[in-house]
Amino acid sequence: IFLIVFFSIAVIFASAQDKSITLKHFTSEDGLSDNQVTCIIKDHFGFIWVGTKDGLNRFDGRNFQIFQYRLNSNSVCGNNITCLEITDDSLLWIGTASNGFCSYDYRTNQFKSYNTQNSKLREDNINQ
């Protein structure tokens, strides 16, 4: 797991004559849930998903939408995100440090949690 205080999103502008790269740094002041980023993945819709020590973030190129754990609700299963993976069947898989893992279904906008209490997981610490 890598920890960084900020993350960069590279936007590449290419033309026939020259190429330039512009880097933008984002922090919690820009809307990120936490400055300790643990994982990043881009989905097939163009969203960039950022796991942090305090929540899951979806970046659309301009703004962050923060997903944080809430008891008894349709939410991400924990705030300390350890890993992210995307499958072809429109699911984002989210691993956490102490609450197992969950899936996010793009089609239904629903989270489904898996942990030691509701599945056959042996422990709730999910690492990549």
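The values are calculated or read from the model by the stated rules, or taken from the named source; none is laboratory data. As the structure is a computational prediction, the values presented were derived from the model and not from experiment. Ideal geometry is used to build each Cβ from the backbone, glycine not excepted, and the neighbour counts take in all protein chains shown. Just so you know, the surface numbers come from the protein's heavy atoms only, side chains and all, with ligands and any DNA or RNA stripped out. Shrake-Rupley method; radii C 1.70, N 1.55, O 1.52, S 1.80 Å.
Check off (1) open to solvent by 80 Å² or more (accessible area, probe 1.4 Å); (2) more than 30 Å from Q117 (Cβ to Cβ) for G61 and give me the number that stays unchecked.
Tallying (1) open to solvent by 80 Å² or more (accessible area, probe 1.4 Å); (2) more than 30 Å from Q117 (Cβ to Cβ), G61 fails exactly one: (1).
From the list G95, G78, G55, G46, exactly one residue is under 19 Å from K24 (Cα atoms) and free of Cβ contacts under 8 Å to residues at least 60 places away in the same chain. Which is it?
Answer to the selection: G46.
Identify the residue in the stretch 21-42 that is at pLDDT 95 or above and under 21 Å from I86 (Cβ atoms) and, among all such residues, is most open to solvent (accessible area, probe 1.4 Å).
So, considering only residues that are at pLDDT 95 or above and under 21 Å from I86 (Cβ atoms), the one most open to solvent (accessible area, probe 1.4 Å) is K42.
Here's a check for you: in the stretch 64-86, which residue that is outside any loop (DSSP other than H, G, I, E, B) and closer than 13 Å to C102 by Cα is most open to solvent (accessible area, probe 1.4 Å)?
Residue satisfying both the conditions and the ranking: E85.
Criterion first (modelled with pLDDT of 90 or more, among the small types (G, A, S) and over 14 Å from the mean Cα position of the chain (by Cα)) does S90 satisfy it?
No; evaluated as a whole, the condition is false for this residue.
Could you figure out which of (1) open to solvent by 40 Å² or more (accessible area, probe 1.4 Å); (2) modelled with pLDDT of 90 or more; (3) not in a loop (DSSP other than H, G, I, E, B) isn't true of T108?
Among (1) open to solvent by 40 Å² or more (accessible area, probe 1.4 Å); (2) modelled with pLDDT of 90 or more; (3) not in a loop (DSSP other than H, G, I, E, B), the lone unmet condition for T108 is (3).
Of the residues R70, R58, only one is over 18 Å from T108 (Cα atoms) and among the charged types (D, E, K, R); which?
R70
Under 8 Å by Cβ, and 6 or more places apart or on different chains, what pairs join a residue from the stretch 103-128 that is within 12 Å of L91 (Cβ to Cβ) with one that is part of a loop (DSSP other than H, G, I, E, B) and open to solvent by 90 Å² or more (accessible area, probe 1.4 Å)?
Cβ pairs passing all conditions: Y106/F45.
Can you name the residue in the stretch 111-128 that is touching a Ser or Thr at 6+ places or on another chain (Cβ under 8 Å) and in a loop (DSSP other than H, G, I, E, B) and, of all such residues, is most open to solvent (accessible area, probe 1.4 Å)?
So the residue we want is R122.
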